Amino acid sequence: MTLFGYRLPAMSSLILWAAVWEIVGLSGWTFFIPPLSEVITTLFSVIGTPAFTKALSQTAYAFGAGVFFAVVIGIPVGILMGKSRIIDELLLPWVNIFLSAPLTALVPVLMVLFGFGMKSIIITTTLFAIWIIILNSRAGVKQINRSLVEMARSFGASPLDAFFKVYFWAALPEILGGVRIGVIRAVKGVIIGQLLISIVGFGALFELYSNNFLMAHFWAVLIVLFALAFSLSEFLGYLERRISYYAASR
Amino acid sequence: MSQTSDAFGKADPIDIDSAVSVRGVSKNYGEVEALRDLSLEFPRGQLTSLLGPSGCGKTTLLKIIAGLIPATAGEIEIDGRKVTGPGPDRAFVFQDFALLPWANVLRNVSFGLELRGVGKSEREAVAEKYIGNVGLSGFEKAYPHELSGGMRQRVGLARALSVDAQVLLLDEPFSAVDEQNRRKFQEDLLALVRNENKTFIFVTHSIEEAVYISDQIAILLPRPSRVSEIIRPTSFRGTKADNIRRSPEYLDIVDQIWASLRNYVE
Ligand SMILES: Nc1ncnc2c1ncn2[C@@H]1O[C@H](COP(=O)(O)OP(=O)(O)O)[C@@H](O)[C@H]1O
Ligand SMILES: [Mg+2]
């Protein structure tokens, strides 16, 4: 973007929005929006507190475990669906249903099944992330150039070799795209799980802040969460660009 | 003049040492009858072209020989052993190159050896040698998308050569390569057939290309697909590459093949 002939650095529009926030906050229009400067100072004071580090580590744990299961189960299932007609026809309707289902409605059921704890939150996170990972891995395998598969076979590749040296790499651009979207959905999953179950992690923290009208605290934690989710997505986007040199020429 | 022997592969098996024998092969894709009772002998150390209009089953026959698809009936023998699947005695060169786009030239050329469990330094030494042979020295670290069509097919050829198979199967390898590169390729292939003691099976739909490079040309006709004619150019095989296209026999054979194929061009 350029303004009066000067090149503005990327994201400089954020400064404008920050100013708007500050002015609205200072005007005292609503208790719900404290000035940004207050939020930022709160942010730095909150970050060191045991309540925050505990919430962060619990969330990170649930998120990490949820994403781990989504990836470790989702990628092989997707690849198998892409390779096998039977498996595909068995599973595809379910994957599509769950992809578009309002999963939030399932969380209470999960709580009944798995209790009001970490286990339910991890499962919620996995459920949010896994479907798109399966679908993308499947799509990645489906678009594989047939002659690449024949090439591997003609040079004597074992099924395992074909899987790890051809299928996986040929589908990697789609797989990574699926993982990136899955991870963003997992952030939603872990927060929704914590909010509904509300006794652990940021769910507990949000509950505490909003019940006591600590809006600056509330926004501070929210900003931290947004920043974390954004960095994660950018990092996966960076990985995708690293392999884009071959994604376009397959 | 050329010796034209009759069809259906009964071309005197006595004086020919066959590396590959195709016996009574049929192939149906559901309703489509791609090949019917096709028999053909491939002399050792020579280049045989499968020539015919597109859709007549050339690729199908080549893939059956490669063991990539099963025949509906009939059998393939290589050095007296029946083909049941892909094997180290055959290497395939693909029409669309089939290179790993995420791997550089060195890894692509050594990929066949990698799949056969040859150690890294050994297979890269072999690959290095064949990269040189096909004229790609200096491009070891390049990726397929950085190469022209002609260079990509040189990679495909080097990969097939480096596994040291006795039979090379080439499916229209030059059809996606520009005219100048194709001519260079054809000359190189002639030298290759002379120097390497391998059997080449070469699919093409170009009459000139087939006559230029072949020791034996099998003309396939469609519906149902069969070998209609086997032609063995004799007089110009020993001459220099530049003189082939001016030899009277070359011109005669091209005309003769065109005469028999023209009925099948809509
Ligand atoms: N996988 C397949 N399924 C159905 N029909 C096929 C398949 N492959 C080839 N065919 C048919 O078999 C015939 C021969 O095909 P092909 O061997 O590719 O011919 P060519 O290589 O001579 O052009 C064609 O009519 C084609 O449509
Ligand atoms: Mg073909």
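Label separation (A:Glu89 vs A:Ser233): 3.8 nm, computed from points 7 Å beyond Cα along the C-beta direction.
Going by a ≥ b ≥ c, the root eigenvalues of the Cα gyration tensor, does the protein assembly as shown fall in the rounded group (a/c under 1.5), the prolate group (a/b larger than b/c) or the oblate group?
Verdict is prolate for the protein assembly as shown.
Highest GNM mean-square fluctuation among B:Ala103, B:Ala160, B:Ala210, for chain B modelled with Cα contacts below 10 Å: B:Ala103.
Look at the stretch B:84-91: the mean tally of other chain Cβ atoms within 10 Å of its residues' Cβ atoms is 2. Note on the protein assembly as shown: helix-only mean residue ellipticity at 222 nm, from DSSP H runs of 4+ residues weighted -39500 (n - 2.57) and normalised by residue number, equals -18000 deg cm²/dmol. Distance from the C-alpha centroid of the range A:207-250 to that of the range B:174-208: 55 Å, rounded to the whole angstrom. Under 10 Å, Cα contacts only: if you run a Gaussian network model on chain B, which one of B:Thr204, B:Thr84, B:Thr239 comes out with the highest mean-square fluctuation? Looking only at B:Thr204, B:Thr84, B:Thr239, the largest GNM fluctuation is found for B:Thr239. Start at zero, step by 10 Å, and the Cα-Cα distances of the range B:102-164 spread as 27, 60, 13 percent across the bins. Seen through its C-alpha gyration tensor, with square-root eigenvalues sorted a ≥ b ≥ c, chain A comes out oblate because a/c lies at 1.5 or above while a/b is not bigger than b/c. Once the Cβ-Cβ distance of B:Ser54 and B:Ala241 is raised to the sixth power relative to R0 = 30 Å, the FRET efficiency obtained is 0.65. Counting only heavy atoms of the protein chains and using a 1.4 Å probe, B:Lys120 has close to 130 Å² of accessible surface. In the range A:54-249, taking the dipole from charged Cβ atoms about the Cα centre, the farthest positive-side position among A:Phe206, A:Leu222, A:Leu80 is held by A:Leu80. Buried surface for the B/A pair, taken as the accessible area of each chain alone minus that of the pair with a 1.4 Å probe, is close to 2000 Å² in total. If you run the Gaussian network model on chain B, springs between alpha carbon atoms under 10 Å, then out of B:Asn195, B:Asn181, B:Asn108 the most flexible one is B:Asn195. Extension gain, B:Arg223 to B:Thr84: 0.36 nm times the residue separation minus the Cα-Cα distance gives 47.4 nm.
Electrostatic bookkeeping for B:Ala259 treats Lys and Arg as +1 and Asp and Glu as -1; over the other residues with beta carbon under 14 Å from its beta carbon, the sum is -2.
Can you compute the FRET efficiency between A:Phe4 and A:Lys188 using 1/(1 + (r/R0)^6), with r the Cβ-Cβ distance and R0 = 60 Å? Round to the nearest 0.05.
Plugging the Cβ-Cβ distance into 1/(1 + (r/R0)^6) gives 0.90.
Spacing of the modelled spin labels on A:Ala51 and A:Phe31, each 7 Å from Cα toward Cβ, amounts to 1.7 nm. Considering only alpha-carbon pairs that sit under 8 angstrom and 6 or more positions apart, the relative contact order computed for the range B:116-266 is 15 percent.
Per residue, the protein assembly as shown exposes 48 Å² of accessible surface when a 1.4 Å probe is rolled over the protein heavy atoms with every protein chain present.
Here, chain B yields an orientationally averaged convex hull projection of 14.5 nm² when only Cα atoms define the hull. Among A:Gly64, A:Thr41, A:Ser100, which residue has its Cα positioned farthest towards the positive end of the charge dipole of the range A:1-129, with +1 placed on the Cβ of Lys and Arg, -1 on the Cβ of Asp and Glu, and the dipole taken about the Cα centre? The residue sitting most towards the positive pole is A:Gly64. The label point for A:Asn212 and the one for B:Glu122, both projected 7 Å from the Cα toward the Cβ, are 7.0 nm apart.
For the range A:79-156 versus the range B:65-90, the spacing of their alpha-carbon centroids is 38 Å.
Note on B:Glu187 and B:His145: the extension gain reaches 12.6 nm, defined as 0.36 nm multiplied by sequence separation minus the Cα-Cα distance. Taking the Cα atoms only, what angle lies between the long axis of helix B:248-261 and the longest principal axis of chain B, rounded to 10 degrees? Between helix and principal axis, roughly 70 degrees.
Report the net charge of residues surrounding B:Lys82, where surrounding means a beta-carbon distance below 15 angstrom and charges are Lys +1, Arg +1, Asp -1, Glu -1.
Local charge sum for B:Lys82: -1.
Taking the Cα centre of the protein assembly as shown as reference, the dipole from Cβ charges on Lys and Arg (+1) and Asp and Glu (-1) amounts to some 900 debye. For chain A, the longest principal axis of the Cα atoms and the long axis of helix A:201-211 meet at an angle of about 30 degrees.
Farthest towards the positive end of the charge dipole of chain B, among the residues B:Ala103, B:Leu190, B:Gly24, is the Cα of B:Ala103, using unit charges on the Cβ of Lys, Arg, Asp and Glu. Using R0 = 22 Å, the C-beta based FRET efficiency linking B:Lys129 and B:Asn197 works out to 0.85. Using only the C-alpha atoms, the convex hull of the range B:114-266 corresponds to 149 Å³ per residue. Simple point charges give the picture: +1 on the Cβ of Lys and Arg, -1 on the Cβ of Asp and Glu, and for the range A:54-249 a dipole about the Cα centre of about 240 debye. Each Cα pair under 8 Å and six or more residues apart adds its sequence gap; the mean of these over the residue count of chain B is a relative contact order of 28 percent. What base-10 log of the normalised intensity I(q)/I(0) is obtained for the range A:51-176 from the Debye formula, alpha carbons as equal point scatterers, at q = 0.10, 0.20, 0.22 Å⁻¹? Ignoring solvent entirely, the Cα scatterers give -0.41, -1.08, -1.21.
Set the bar at 32 Å for Cα to Cα. Now go through B:Lys63/B:Lys129; B:Lys141/B:Lys240; B:Lys63/B:Lys184; A:Lys165/B:Lys63 and name every pair that lies beyond it. The pairs that break the limit, which is 32 Å between Cα atoms, are B:Lys141/B:Lys240.
Placing unit charges on the Cβ atoms only, positive for Lys and Arg and negative for Asp and Glu, gives the range B:102-164 a dipole magnitude near 100 debye about its Cα centre.
The values are calculated or read from the model by the stated rules, or taken from the named source; none is laboratory data. All values derive from a computational prediction rather than experimental measurement. Because the Cβ atoms are built from the backbone with ideal geometry, glycine has one as well, and the counts that use them run over all protein chains shown. With ligands, DNA and RNA removed, areas are computed over all heavy atoms of the protein, side chains included. Shrake-Rupley method; radii C 1.70, N 1.55, O 1.52, S 1.80 Å.
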